[in-house]
Amino acid sequence: FYVGGIGRLYNIENLLKIANKKEFLNLTICCRKDEWDKEYEKYKGLLCPRITIVHAHSSELEKYYKDADICSIYFPQEEYRNFVMPIKLFEYIGNVTPIIATANTATGNFVEENDIGWAIANDNELEDLFEKIYNNREELLKKYYNLEKVLESNTWEKRAQKVADDLKD
């Protein structure tokens with residue numbers, strides 16, 4: 001499941017290519033309709049019946065999260081990703097869904113340090129990961145368990161308290 005923007009900084013082309021190639025994958029992409037309309041020409045050749053595009057938001061997303069085994073924050077490397085922690089990361093955590101993130105980014109480092117998903121360096125690693133999970137669903141269980149632990153310490157209230165504590169120092 002991918003929720004978020006699409007465009008220059010949010011290029012999901014490689015994710016679509018891999019989903020298209022792997023017969024066992026179903027991918028749901030949730031993005032703003034105007035962004036999809038703008039980027040459609042770029043992505044239309046990568047669509048297949050196992051790839052679904054939706055334009056949901058807020059409480060409408062709940063059913064998609066329930067159906068998702070994994071969420072993606074995997075993009076081509078961009079310098080600003082070295083320090084940005086997207087809100088979607090915490091939405092994914094809040095929905096207790098393991099995360100695929102870009103390696104060597106702030107998000108990828110967080111995912112890796114907390115063992116709540118996988119930090120992937122390139123498309124070959126992503127393909128290998130999908131095969132590994134498909135052949136061994138146990139891969140997901142540890143991530144779900146760790147997500148529950150991380151969720152307890154990453155509520156908005158706890159994060160706000162940490163900021164307040166850090167500002168005291």
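The values are calculated or read from the model by the stated rules, or taken from the named source; none is laboratory data. Owing to the predicted nature of the structure, the values given are computational and were not obtained by experimental measurement. Cβ placement follows ideal geometry from the backbone for every residue including glycine, while neighbour counts extend to all protein chains displayed. Side chains included, ligands, DNA and RNA excluded: accessible areas come from the protein's heavy atoms. Shrake-Rupley method; radii C 1.70, N 1.55, O 1.52, S 1.80 Å.
Bin width 10 Å, origin at 0, all Cα-Cα pairs of region 99-169: what percent of pairs per bin?
Calculated over all Cα pairs of region 99-169, the distribution is 19, 39, 28, 11, 3 percent.
Could you compute the net charge surrounding residue 71? Neighbours are other residues with a C-beta less than 13 Å from the C-beta of residue 71; K and R count +1, D and E count -1.
It works out to a net charge of 0.
Looking at region 1-56, which GluC sites (Glu not before Pro) are DSSP coil and have at most 11 other C-beta atoms within 10 Å of their C-beta?
Those that pass, being in a loop and sparsely packed, are 23.
Can you list the residues, at least 5 places off or on another chain, whose amide H is less than 5 Å from the amide H of residue 30, using H built in the peptide plane?
So residue 30 has HN proximity to 2, 3, 4, 54.
Hand me the chymotrypsin sites (Phe, Trp or Tyr not before Pro) from region 76-108 located in a DSSP loop with no more than 16 other Cβ atoms within 10 Å, in residue order please.
83
May I ask you to give the solvent-accessible area per residue for the chain, in square angstrom, as obtained with a 1.4 angstrom probe?
Value for the chain: 58 Å² per residue.
Quick one: pull the percent of accessible area on region 55-149 belonging to carbon and sulfur, 1.4 Å probe, ligands and nucleic acids left out.
C and S atoms contribute 48 percent here.
Order the peptides 142-153, 62-73 from the highest to the lowest mean number of other Cβ atoms within 10 Å of their residues.
62-73, 142-153
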